[in-house]
Amino acid sequence: MLACLKHTFGYPAIYVARYQKNCIDHPASAFGKVHDYSSAVDRTVAFSLQNKATGKAVKPSNGVSSICAGNTYLVKLAFGEPSLRNYLLTSSHGSFVVKSNDCDDWCPNRVCSSAPTKEGSALFSVPCSIAGGTKVTFKVTSANGRIPALGAELRSASLTLKVDSKCGRCSSVVEERAKTSSLRG
């Protein structure tokens, strides 16, 4: 019974089902009668992104990281201590390509874990319709799954990247639009 309670108390999908107001909403404070957690910024979460087609990691250039419109990326999360966590991951733009999702199917830009894990991952697709320079923010809220009386916390972390419309699968479409616009003008 305690094992069942352990996973129920630390489940961000409950927040999505009962309290979330929009597709990028995350808990900012305690919620519900059994979710009496304190909220803390989690500096132990490590985000990494890898281009699905090329396998190349997204790395900062001049302090700014960018992702390419039209590309798909593997977004990986690694959790620090306590390492086993349930999580809610959202993006401000784009969508996750998931096979199973403990969140609902209403929002393509969010995914929830189905069980406590040390690491999480999801495929993320950047649409061609997104303008270059647009900031995409990934946010994760995780719970270590312990009963509140024993010190469970909701923790959050985020990563913001810029969209580069001059690279990726959409770059030829952007170049073609620019040529067409210059011919009209």
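The values are calculated or read from the model by the stated rules, or taken from the named source; none is laboratory data. Predicted model, so just to flag it, every value in this text is computed and none were measured. A quick note on method: Cβ atoms are made from the backbone with ideal geometry, for glycine too, and the neighbour counts reach across all protein chains shown.
With the condition kept exactly as written, say whether any residue in the stretch 87-106 is within 24 Å of C23 (Cβ to Cβ), assigned to a strand (DSSP E or B) and at pLDDT below 85. Write out each step before concluding.
To start, the set of residues in the stretch 87-106 that are within 24 Å of C23 (Cβ to Cβ) comprises 87-106.
Adding the requirement that they be assigned to a strand (DSSP E or B) leaves 87-91, 95-97.
When the remaining residues are screened for being at pLDDT below 85, the result is none.
Within the stretch 87-106 (the criterion being within 24 Å of C23 (Cβ to Cβ), assigned to a strand (DSSP E or B) and at pLDDT below 85), the answer is no, since none of the residues qualifies.
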Hey, S29 outside any loop (DSSP other than H, G, I, E, B), out of contact with any helix residue (DSSP H, G or I) (no Cβ under 8 Å at 6 or more places or on another chain) and at pLDDT below 80 or not = no
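Specify the residue that is modelled with the lowest pLDDT; the eligible residues are those in the stretch 57-66 that are part of a loop (DSSP other than H, G, I, E, B) and surrounded by 10 or more Cβ atoms within 10 Å (Cβ to Cβ). Give the derivation first.
First, pick out the residues of the stretch 57-66 that are part of a loop (DSSP other than H, G, I, E, B): 58-60, 62-63, 65.
Subset that is surrounded by 10 or more Cβ atoms within 10 Å (Cβ to Cβ): 58, 65.
Numbers: V58: 91, S65: 86.
Looking at residues that are part of a loop (DSSP other than H, G, I, E, B) and surrounded by 10 or more Cβ atoms within 10 Å (Cβ to Cβ), I get S65.
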Part of a loop (DSSP other than H, G, I, E, B), within 13 Å of the chain's Cα centre (by Cα) and either under 30 Å from R18 (Cα atoms) or at pLDDT 90 or above (or both): does that describe P127?
-> no
Would you check if there is a residue in the stretch 163-171 being modelled with pLDDT of 90 or more and under 16 Å from the mean Cα position of the chain (by Cα)?
-> yes
